Each structure stands twice: as structure tokens, then as C-alpha cells.
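Each remark here refers to the structure printed beneath this line.
Here, each number is a calculation from the coordinates, and none is a lab measurement. Owing to the predicted nature of the structure, the values given are computational and were not obtained by experimental measurement. Positions of Cβ are generated from backbone atoms using ideal geometry, with glycine treated the same way; all protein chains shown enter the neighbour counts.
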Amino acid sequence: MTIAESDILNAGILIVDDQEANVTLLRQMLAEAGYTSVDSTMDPQQVFTLHRKNAYSLILLDLQMPKMDGFQVMEGLKTNSSDSYLPVLVITAQPGHKLRALLAGARDFISKPFDLVEVKTRISNLLEVRLLYKKLEEHNAFLEQTVQERTAELRESEARYRSLTELASDWYWEQDENGNFTKVSGPVLEMLGIQVDTLAGESPPGQMPGWNEEERTTLQQLIAARQPFLDFVFSRTNNDGSLQRFQVSGEPMFNQSCRFIGYRGIGVELTAKK
């Protein structure tokens with residue numbers, strides 16, 4: 001991620017200094033360096049209105065001013081803007097003020113009297129960092145919106161999938177990671193005549209015997225290995241000697257961390273289809 005030089009030179013800058021000579025010097029220096037969007041004010045109380053209106057990428061702020069000093073301006077900017085990044089480069093002739101200004105939220109400082117080469121370098125560097133920060137914020141916002149859109153699409157797709165599977169099968173089912181049924185759509189419980197705990201697990205107490213154990217073992221091994229299965233047929237013999245045959249298809253489910261969370265699938269009773 002890089003910032004073009006033209007973006008730096010076109011970034012909005014505000015000069016705040018009660019000394020007209022300093023304002024004139026800084027404006028002239030910035031103009032000669034190629035900066036195209038520079039405002040200034042000698043009244044620190046105007047900073048909040050100007051920044052709300054123009055959202056400057058950098059504010060050159062003198063610390064010693066009447067009515068309101070630079071520290072008060074920085075405190076006001078923190079509550080005045082929703083931006084978590086305080087784009088302030090302080091101007092001071094007092095060495096003791098530098099650390100205090102940085103602790104108050106300033107990004108850097110320049111000393112009086114001005115070293116014009118140093119001033120231009122610090123301004124360019126801070127603007128590059130500021131614009132990178134803004135670009136990162138925009139990128140994160142775009143990613144968040146994309147995730148929300150994709151999530152909505154997946155939910156809609158899943159709803160369509162469930163609707164179609166319900167129409168194309170006798171039941172739709174989901175199991176958790178322990179093999180317990182969490183969702184069953186259709187008459188599977190009534191059709192089997194039992195309270196099902198797992199698709200291929202041990203028979204619950206009171207369940208009618210007669211399942212084909214070889215088929216059930218094969219299905220159990222597929223599920224234990226977390227493998228998908230398509231049109232798997234298994235059967236059971238009822239007490240009256242009648243044979244019931246069932247066909248199921250299923251796939252394992254994983255969360256965003258790739259952790260196994262269960263199975264989902266569809267099933268039909270083949271006996272009833274004949």
C-alpha cells in the first residue's frame with residue numbers, strides 16, 4: 001500500500017499561529033514545495049469549525065497563543081472529531097513542551113526558529129502516514145461491507161438450499177459434533193417410529209432392533225472420518241418381517257476456524273417410493 005506524491009501535495013493542511021509572520025513563512029514554504037490546499041487562521045477558536053468543514057489531513061499548530069493555547073486546541077479536537085487519529089504537528093520554541101505535546105496526542109513537532117528543510121521533511125512524512133492510515137480505514141470498511149454482503153448471500157443461498165432439499169427429499173437433517181440431531185425437517189422421526197439420537201450411533205433404549213449392522217457400521221465409519229457420502233442406502237427389518245430401506249446423503253460442516261461442527265444432509269425412504 002503506497003501513497004502517490006500527488007496525493008501528499010493535494011492533502012488539506014491548516015496552519016494555526018497567532019503570529020502573522022510565521023503564517024506567511026509557512027504558507028510560502030508550502031506553496032514553493034508544491035502543496036495546493038493550504039488554509040490558515042490566527043484565531044485558535046476557529047480550528048474546530050474549520051476542521052469539521054474541511055477534515056484536514058494535517059494541522060500545523062502553534063502551542064503558545066492567546067485566548068486558547070495549543071494544548072487546549074488538541075483537547076478540543078479530540079472531542080470535536082470522530083476521527084481517532086489526531087493529525088497535529090505542533091510548533092514550539094519551548095523544549096519542555098515537546099514531550100507534553102506528544103503525550104497530549106500530537107504526532108510530531110517542529111521547533112522555532114524554523115529549519116525549513118526539517119519542516120518540509122516532517123510535514124511530508126506525517127502526511128504520508130496520515131493518508132496511509134485513512135486508506136487502511138477505507139480498506140477495512142470495504143472488507144467489513146464485503147463480509148456482510150457475502151454473509152447475507154450465504155444465508156440466502158442456504159435458505160434456498162434447504163427449501164430445495166425439503167422438496168426433493170423426505171427430510172433434511174443436521175447433527176452437532178457429537179452426532180446428536182439438532183435440526184430435522186420432515187417426517188423422519190415419525191417415519192422411523194423412533195426417537196433418533198444419532199444417524200449411525202448406538203440404538204437408544206427402547207429402539208426396535210433389526211438394523212443392518214454392516215450398513216450401519218460403514219455409515220458410522222464415514223461419519224467418524226468426517227467424509228461426505230452420497231445416496232448411501234441402509235435398511236432395517238421390522239418385527240412383522242417387512243423391510244424398510246433408506247437413502248441418505250450428507251456432508252461435514254466446519255466453522256470459520258475449520259473446526260468440525262457436525263453434519264447436514266437429506267434422506268428419503270426408498271420403501272415408500274416403490
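Worth pointing out:
- Built amide H within the under 5 Å cut-off of residue 261, gap 5+: 253, 254, 255
- Peptides 150-157, 234-241 ranked from most to least packed by the mean count of surrounding Cβ atoms within 10 Å: 234-241, 150-157.
- Inter-label distance for residue 140 and residue 115, nm, one decimal - labels placed 7 Å from Cα along Cα-to-Cβ: 3.4
- Distance between the 7 Å Cα→Cβ label points at residue 221 and residue 9: 7.3 nm.
- Sorted on the mean count of surrounding Cβ atoms within 10 Å across their residues, most packed first, peptides 56-66, 216-226, 244-254 read 56-66, 244-254, 216-226.
- 3J(HN,Hα) along the stretch 245-254, derived from phi through the Karplus expression 6.51 cos²θ - 1.76 cosθ + 1.60 where θ = phi - 60°, amounts to 10, 10, 10, 10, 10, x, 9, x, 10, 10 Hz, with x in place of Gly and Pro.
- Which of 6, 257 has the fewest Cβ neighbours within 10 Å, and the rest in rising order: 257, 6
- Net charge, residue 135 excluded, C-beta distance under 12 Å - Lys, Arg +1, Asp, Glu -1: -2
- Listed pairs 98/134; 67/134; 53/135; 78/134; 67/120 exceeding 22 Å between Cα atoms: 98/134; 67/134; 67/120
- Modelled this way, with points 7 Å down the Cα-to-C-beta line, the labels at residue 19 and residue 256 are 5.3 nm from one another.
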